[in-house]
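Structure first, then comments.
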Amino acid sequence: MEPAVVTRLFVGGVAVVVFIVGGLRCCAAPCYMAWRERRAAERRRQEVESTGRVLLAGDGEAELEQCMICCEENIAPEEELRFLPCSHGFHKQCIDKWRLQFSLACPLCRSQ
């Protein structure tokens, strides 16, 4: 084969490889980013679920006058309450939603 033909075949082969790799990158990148976001959301959910103590209202330990997120004053017995490490307490569903959507910090004192 002539050197010019070999060079054209080599350049053509490189172009095909670059095209394939570029196409794979364009297809794989969104899937990878979605996987990373799902993984980060799962880690955050696990952190929210594992932080603080969950008690039932009406227990001797669980004294809470008002949930400062939903502003409900009459906490019924047998409602689940979550007490954060800073000792502030809230309805479990209120504080879990707050921490998943806004911030992991306590909404009252901003401590982690």
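Kindly check whether there is at least one residue in the range 28-49 that is touching a helix residue (DSSP H, G or I) at 6+ places or on another chain (Cβ under 6 Å) and within 23 Å of Arg110 (Cα to Cα).
Scanning the range 28-49, I find at least one residue that is touching a helix residue (DSSP H, G or I) at 6+ places or on another chain (Cβ under 6 Å) and within 23 Å of Arg110 (Cα to Cα), so the answer is yes.
What are the residues in the range 42-79 that are under 16 Å from Leu100 (Cα atoms) and part of a loop (DSSP other than H, G, I, E, B), if any?
Residues of the range 42-79 under 16 Å from Leu100 (Cα atoms): 42-52, 69-70.
Result: Thr51, Gly52, Ile69, Cys70.
Taking Leu24, is it in contact with an Asp or Glu (Cβ under 7 Å, 6 or more places away or on another chain) and either free of Cβ contacts under 8 Å to residues at least 40 places away in the same chain or part of a helix (DSSP H, G or I) (or both)?
So Leu24 does not fit the description; no.
Take the conditions surrounded by 10 or more Cβ atoms within 10 Å (Cβ to Cβ), part of a helix (DSSP H, G or I) and modelled with pLDDT under 75 and apply them to Arg36. Does it pass?
Working: surrounded by 10 or more Cβ atoms within 10 Å (Cβ to Cβ): yes; part of a helix (DSSP H, G or I): yes; modelled with pLDDT under 75: no.
No, not satisfied.
Take the conditions of a type in the set (Val, Ile, Thr) and more than 19 Å from Ser111 (Cβ to Cβ) and apply them to Val16. Does it pass?
yes
Name the pairs: first residue in the range 68-84 and touching a residue at least 24 places away in the same chain (Cβ under 8 Å) and assigned by TED's automatic domain parsing to the domain that holds Gly58, second residue assigned to a strand (DSSP E or B) and of a type in the set (D, E, K, R), Cβ to Cβ under 8 Å, at least 6 apart or on different chains?
Filtered contacts from the range 68-84: Arg82/Arg53; Phe83/Arg53.
Quick check, is Val5 outside the structural domain of Cys94 (by TED's automatic domain parsing), modelled with pLDDT of 75 or more, of a type in the set (A, V, I, L, M) and over 16 Å from Lys92 (Cβ atoms)?
Criteria not met by Val5.
Given the criterion on the phi < 0 side of the Ramachandran plot, basic (Lys, Arg) and in a helix (DSSP H, G or I), identify the matching residue among Arg82, Arg99.
The match here is Arg99.
The values are calculated or read from the model by the stated rules, or taken from the named source; none is laboratory data. Note that the structure is predicted; figures quoted are calculated from it, not measured. Positions of Cβ are backbone-derived with ideal geometry, glycine not excepted, and every protein chain shown enters the neighbour counts.
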